[in-house]
Amino acid sequence: MKIKKNVAISESGFIFNPTTGDSFSTNPIGLEIIRMLKDDKSKDEIRKSILSKYNTDESTFEKDYYDFVMMLQTNQVADDSE
Amino acid sequence: MEKIRYERPVIKKLNTGVMNKYGTRTEYTPVTNIDGARVKDLISEFGSPLFVMSEQTIRKTYKDAVRAFTTRYPKVQFAWSYKTHYNNAICSVFHQEGSWSEVVSGFEYNKALLNGVPGNKIIFNGPDKTDDDLILAINNESMIHIDHLDELYRIIELTDELKKRPKVAIRVNMDTGVYPMWDRFGFNYESGQAWDAINKIILTNKMDLIGLHTHIGTFMLTPSAYAVAATKLLDLAFHIKSKFGKNITYIDMGGGFASRNTLKGSYLMGADSVPTFDDYAEAICSALLNSEYSKEDLPLLILESGRSLVDEAGFLLGTVLANKRLSDGRKATIMDFGVNILFTSFWYEHKISPAQEFSHYTEDSVIYGPLCMNIDVIRENITLPPMKKGDNVVVHTVGAYNMTQWMQFIAMRPNIVMIDMDGKPHLIRKKETLEYMNSLEITPEYLKDFKL
């Protein structure tokens, strides 16, 4: 899973994909995950980081992470190539 | 270090295009209490889903409606429409405020009697009145609104048997310039049916024709239609006076005033577009006052409003059961309440608020009920903050018809509580139980024995 190289991400969570011309907004936790993906962090590293910082449990994060990643792929912000 | 409140990560595509010129309004401000009672506390005490009625809102809305009419017309009487919400506690609030009752079945009629409403303060409408119902209503001197000729002839027969003169009105249907025209109830004005029925009633001299009734439709967005209806009823009343020398005691304009809900397909939200009580009152009262009636002879104006008086007082509290992603990428949230108890979601875009604090990030979702049925859709498209399993929501403006038209289907019907004027909740209808449901059923003995 990689965030596409040409995708622009602002500090406030505004995302622009120049390939498709689409723009998106994401919430702070979404922005954090995208940044970690952009920095080539593994899923395990992301999980540890989120669980240490936010008041949630492992299974909730797991469900939400997969859904979020799927939406990144659906919206062509990320691709599943390693 | 204290951890940050978790919110599901969301990404939302930003669409540009032509905006609604009125802009969009956010609907997702959290609603954490109703009349001072905490939503979380109500759910933990009475369960989820849970219907909540606000006594404060009922009384305030009723007073608003009464004020709108009584400041414009000298003789006004409201009659609570039982079919809209016939829970005894709710009916009693309206009766305490001075409302008579308007019923459409023997079941509702007897409910009104048991609630303590005197027989002569009950208006009996509807096409289905059994002989027993009619005899009871005649003996109680209730106002019987005759719906069809078969009923008229049956009442004539009963007067001979009972040796009583029933107090009756006829229901009149008419063209008021709105579509669809409700012509299935009562006698038609334009074709002369209504005048024929009036002649029949007066000339047989077996009953007292004391009123004229109409009910031109439901969720009426055009107040002027009521002015047309009132003018036509007054025209009949004048004909009665000039031909028979009789004064009609009351004009009953029925109900049909819109609540502040948003109809599906509406461009504007209901709260911004539906007429107010003052708009309806102005149309009706002006038509009555501009008639040729002298001040002394003006008939009593009866109103049978239901929906507009109680819809806003009703809330449905519910809980998120699950979130899922549909094949086209839309988010779907499954709630623990479905169309079985929220019947009105078939025609309203019900406002739904989260019952806990959220950030300002939102996502577009479909809201489904819990039923294993494809039709169980509460909102086809709504913008809400990201919610997780166990979060609570408040559905607004559900007080009319849901707690009478609800279905015991797949799941059982939940508790209803009413928040009193001091913010204290009272259980006013218990949730159904398996024992209760089974107590109504009888399994023949020979079916009780089987081996699997």
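The values are calculated or read from the model by the stated rules, or taken from the named source; none is laboratory data. Please read all numbers here as calculations on a predicted model, not as lab measurements. Methodologically, a virtual Cβ is constructed for each residue, glycine included, from the backbone with ideal geometry; neighbour enumeration extends over all protein chains shown.
Of note:
- A single entry from B:L233, B:L288, B:L268 fulfils the requirement of being hydrophobic (A, V, I, L, M, F, W, C), assigned by TED's automatic domain parsing to the domain that holds B:A197 and not in a helix (DSSP H, G or I): B:L268.
- Enumeration of residues in the range B:38-61 that are closer than 16 Å to B:H396 by Cβ and among the polar types (S, T, N, Q): B:S54, B:Q56, B:T57, B:T61
- Any hit, the range B:387-407, residues being modelled with pLDDT of 90 or more and farther than 23 Å from B:I34 by Cα: yes
- Given (1) surrounded by fewer than 19 Cβ atoms within 10 Å (Cβ to Cβ); (2) of a type outside the set (A, V, I, L, M, F, W, C); (3) over 23 Å from B:M174 (Cα atoms); (4) touching a residue at least 40 places away in the same chain (Cβ under 8 Å), number of the condition B:D311 does not satisfy: (1)
- Residues in the range A:53-82 that are facing chain B (nearest Cβ under 8 Å) and in contact (Cβ under 8 Å) with a residue 24 or more places away in the chain were compared, and the one that is farthest from A:T20 (Cα to Cα) is A:Y54.
- Selection status of A:T20, touching a residue at least 12 places away in the same chain (Cβ under 8 Å), hydroxyl-bearing (S, T, Y) and within 11 Å of chain B (Cβ to nearest Cβ): yes
- The range B:384-416: number of residues that are within 14 Å of chain A (Cβ to nearest Cβ) and free of Cβ contacts under 8 Å to residues at least 60 places away in the same chain: 0
- Qualifying positions in the range B:372-383 - at pLDDT 90 or above and either surrounded by 19 or more Cβ atoms within 10 Å (Cβ to Cβ) or within 14 Å of another protein chain (Cβ to nearest Cβ) (or both): B:D376, B:I378, B:R379, B:I382
- Candidates A:I50, A:I29, A:I34, A:I46: the one that is under 18 Å from B:E363 (Cα atoms), more than 7 Å from every other protein chain (Cβ to nearest Cβ) and part of a helix (DSSP H, G or I) is A:I34.
- Scope the range B:42-82; condition within 15 Å of B:G314 (Cα to Cα), assigned to a helix (DSSP H, G or I) and of a type outside the set (A, V, I, L, M, F, W, C); matching residues: B:E55, B:Q56, B:T57, B:R59, B:K60, B:T61, B:Y62
- Taken as a whole, the structure leaves A:D39 outside the set of residues that are charged (D, E, K, R) and within 19 Å of B:K388 (Cβ to Cβ).
- Residues of the range B:344-370 that turn out to be surrounded by fewer than 17 Cβ atoms within 10 Å (Cβ to Cβ) and either hydrophobic (A, V, I, L, M, F, W, C) or modelled with pLDDT of 95 or more (or both), as a count: 2
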